[in-house]
Every structure is written in structure tokens, then in C-alpha cells.
1. Can you pull out the residues in segment 247-278 that are closer than 30 Å to Asp216 by Cβ, at pLDDT below 90 and assigned to a loop (DSSP other than H, G, I, E, B)?
2. Considering only residues of segment 287-327 that are assigned to a loop (DSSP other than H, G, I, E, B) and either touching a Lys or Arg at 6+ places or on another chain (Cβ under 6 Å) or free of Cβ contacts under 8 Å to residues at least 24 places away in the same chain (or both), which is nearest to Leu258 (Cα to Cα)?
3. Regarding segment 153-164, can at least one residue be identified that is over 21 Å from Leu222 (Cα atoms) and out of contact with any His (no Cβ under 8 Å at 6 or more places or on another chain)?
4. Collect the residues in segment 44-61 that are farther than 9 Å from Gly111 by Cα and either in a helix (DSSP H, G or I) or without any contact (Cβ under 8 Å) to a residue 40 or more places away in the chain (or both), keeping them in residue-number order.
5. If only one of Val160, Val165, Val172 is under 20 Å from Glu214 (Cα atoms), in contact (Cβ under 8 Å) with a residue 60 or more places away in the chain and not aromatic (Phe, Trp, Tyr), which one is it?
6. Within segment 141-158, can one find any residue that is at pLDDT 80 or above, among the basic types (Lys, Arg), surrounded by 13 or more Cβ atoms within 10 Å (Cβ to Cβ) and touching a strand residue (DSSP E or B) at 6+ places or on another chain (Cβ under 9 Å)?
7. When you look at Ala100, is it assigned to a helix (DSSP H, G or I), in contact (Cβ under 8 Å) with a residue 24 or more places away in the chain, buried (at least 17 other Cβ atoms within 10 Å of the Cβ) and not assigned by TED's automatic domain parsing to the domain that holds Tyr226, yes or no?
8. Looking at segment 182-235 only, could you name the residues that are in contact with a strand residue (DSSP E or B) (Cβ under 8 Å, 6 or more places away or on another chain), charged (D, E, K, R), surrounded by 17 or more Cβ atoms within 10 Å (Cβ to Cβ) and not in a helix (DSSP H, G or I)?
Amino acid sequence: MDVILIRVLFVFIVGTIGYLIHPFALSSNLAGAVGVLIGCGIVLFEWRLRVMSLKRLIGAAIGSVLGIMGAYFFALVIRNSVPAGPTQSFLQIMVMLIMAYVGLLVGAIKGDLLNLSALGGIFGGEKQGKKSYKILDTSVIIDGRIADIAETGFLDGIIVIPQFVLRELQLVADSADSLKRNRGRRGLDILQRLQKTASLQIQIIEDDYPTIREVDMKLIELAKVYEGKIITNDFNLNKVAQLQGVAVLNINELANSLKPIVLPGEIMRVFILKEGKEYNQGVAYLDDGTMVVVDNARKMIGKTIDISVTSVLQTTAGKMIFGKWDERAAGRHESTAAPPSPAPVVSTGTSGPSSDAAKKATPLPMERAAD
């Protein structure tokens, strides 16, 4: 609050000085307005200086001093080659402004390369941090999983979205094909989700390479300039970038590495969904989309069975699990699991204990016959 009050007071003082002195033969009111504008510009410049690092401040100061020195030598050449007059004065002033402006900008941009910690003292606390740039490809934006990864906090650094990637995404969204149009619109929605993620720093850059036509090659050149990494799920871009020494973060490889590890001999419970390509094979899928090929399971389509894993095939495109269903083992398991049936009970049709009545009733006809 105190800083805001000081800034307002400073602007008021500058405006009052302009109103009282009215320089450049201006009226009092116009001179006061000009003074207020100048004060606001100075406050804005001061506010921008506060967010700049010490490296950039020193780099800007060195660059502006070198620019003014270069402008002085240019002014000597202009004074000896151009006749004295308004043209000479205008050229000298313009050269000084241009050189000071260019030196200020170049020095501020290149100031991050200064290693102030090597000087020690008050500069020892300046951190030597290097920005981490991650450049998004069109395919990974349309895929959409990058937004889920970003929301979990596993992405750090600066997420770079090139302007030529946005143009390609817009062309896909404006396509006449409904499928491509939906994919493009999905990609634009994913970008909005990324921008709303508080833990991310999104930067849209205008860098382009008109001499390069392919978007993939532009991404590789951009990654070389920024010393960043490309985030993609394009297999071909992954290989080409690695050949040129550019680091790549492949979403598909990340998804494959997060799948559960299955060892041969383990027992799995799967749902046989459809018939396999080979004879008597069934195909099932895990929750993460991994395909499971099961031998001897063709007749178990539509059922959930226990299988024994025989082998696991890992490729760059994904993981495949091969298993076998043992029908005899499954039959033995079902027979042992079934409860024993109770012994049959013979009913005589009379209530109460029937065995004693039968023993007593049987000798009666024989006794009567003997009599």
C-alpha cells in the first residue's frame, strides 16, 4: 500500500511540475497532462524493472552503454559526411536512439548468460538456473493425455506451443472431414485445459522457419535453438529427432512403462472378447488396453477364465501378453470346488422310524404260516 501511495504521489508531482513550468511552450493544462503521462511511463518502467532478474538488469545496462558508445562513433562519421543542418542533427539523434535501444534489448536478452555467482560477494546468491523448455507436437495435443499428465504435476518448466503448430491445429479443426474436424476441436479444448492449469507456464512463440516446409523438422530446429525437449507420440518424429540429437518425451513410451509387469507363469483372470487370428485362439484386453492372446480359448468367448501367462512381447507400439488356458486344469478345479451331494434317503411312505417297523412286520407272515 505504501508503494502505491508513493507512485501516485510521484505521478502527481511530475504532473504539477509540468503544469507550473509548461515546457515546450505548451499550455498549462496540456503540459500538466504530458507530465502525468511521463510520470505514468516512469512508474510502469520501474514496475517492469522489479520483475527482472539481476542478470538482465546488468546485461541491459552494459548493452545500452555499448550502444551509446557505438552511436557516438557513428555520429562522428555522419558529422564528417553530411553537411551541417537539420538532416545531420536528425540522423545523429536517430542513430543514438537506435543503438541505445538495440543495445538495451540485446543486453537484457543475453543477460541470462552471465555467471554472477563466479564474482562472489553480493552476486553469490544469484542462482544459476537454466530454463527447461518442453515443446508440444500437434499429435500430442490432439491425443489429450498431456492434459491429464500436466494436472497431476509431473510436468515442469515452460511448455512451449509454436505458432505453426497452432496453425496446423486450426487447419485440422476447419477440415471438411468430420473426423479430422472433431480431432482438431478436441486439440483446441486440450490447449484451454493446459492454460487453466495453475502449475504450468504456457508460452506461445512466434518463431518460424519459412525455408522448412515440414512441421516435424520445424519442431526439431526449434528444439535445437531453445535446447528443449519435444513432447510427442509420433513414432517417426521420435526417431528423426533422436538421430539429430534432440531429446524426446514420448507419451506412448510413458504409458507403456506404467503398465503392470507380468511374468511368465503367473495366473491372470481375463474376459475372452473375440476370436484370435490363429487356430483355437481367443483375445482379451486388460483395463489399460493391453492385448492378451490366449491359446485354446476360442470356445470360451464371452466368458471370464483364468489363464497362465506364457510370454510377454514388448514393442515400441505397446505390450502383448500371450497365455494359455488349460481346460483339464479348469475342469479339475471346478470338480474340487463343487460341494459333495448328500446321500439319497429312501422313504417308506410312513412317518416316524421305518426300520424298526419293518423288522417287526416281516416275521409275522412266517409265524402264521407255521401255525
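The values are calculated or read from the model by the stated rules, or taken from the named source; none is laboratory data. All of these numbers come straight from a predicted model, not from anything done at the bench. Don't worry about glycine lacking a Cβ; one is built from the backbone with ideal geometry, like all the others, and counts go over all protein chains shown.
1. Passing the criteria: Leu258, Lys259.
2. In the first step, residues of segment 287-327 are kept if they are assigned to a loop (DSSP other than H, G, I, E, B); the result is 287-290, 296-297, 301-303, 316-317, 325-326.
Subset that is either touching a Lys or Arg at 6+ places or on another chain (Cβ under 6 Å) or free of Cβ contacts under 8 Å to residues at least 24 places away in the same chain (or both): 287-288, 290.
Working: Asp287: 13, Asp288: 10, Thr290: 12 Å.
Selected residue: Asp288.
3. Start the filter on segment 153-164 by keeping residues that are over 21 Å from Leu222 (Cα atoms), which leaves 153-154.
Now restrict to residues that are out of contact with any His (no Cβ under 8 Å at 6 or more places or on another chain): 153-154.
Scanning segment 153-164 turns up at least one residue that is over 21 Å from Leu222 (Cα atoms) and out of contact with any His (no Cβ under 8 Å at 6 or more places or on another chain).
4. Leu44, Phe45, Glu46, Trp47, Arg48, Leu49, Arg50, Val51, Ala61 - these are the residues of segment 44-61 that are farther than 9 Å from Gly111 by Cα and either in a helix (DSSP H, G or I) or without any contact (Cβ under 8 Å) to a residue 40 or more places away in the chain (or both).
5. Values: Val165 fails: in contact (Cβ under 8 Å) with a residue 60 or more places away in the chain; Val172 fails: in contact (Cβ under 8 Å) with a residue 60 or more places away in the chain.
Result: Val160 is the single residue among Val160, Val165, Val172 that is under 20 Å from Glu214 (Cα atoms), in contact (Cβ under 8 Å) with a residue 60 or more places away in the chain and not aromatic (Phe, Trp, Tyr).
6. Looking for residues that are at pLDDT 80 or above, among the basic types (Lys, Arg), surrounded by 13 or more Cβ atoms within 10 Å (Cβ to Cβ) and touching a strand residue (DSSP E or B) at 6+ places or on another chain (Cβ under 9 Å), one finds none in segment 141-158, hence no.
7. Numbers: assigned to a helix (DSSP H, G or I): yes; in contact (Cβ under 8 Å) with a residue 24 or more places away in the chain: yes; buried (at least 17 other Cβ atoms within 10 Å of the Cβ): yes; not assigned by TED's automatic domain parsing to the domain that holds Tyr226: yes.
So Ala100 fits the description; yes.
8. Passing the criteria: only Lys229.
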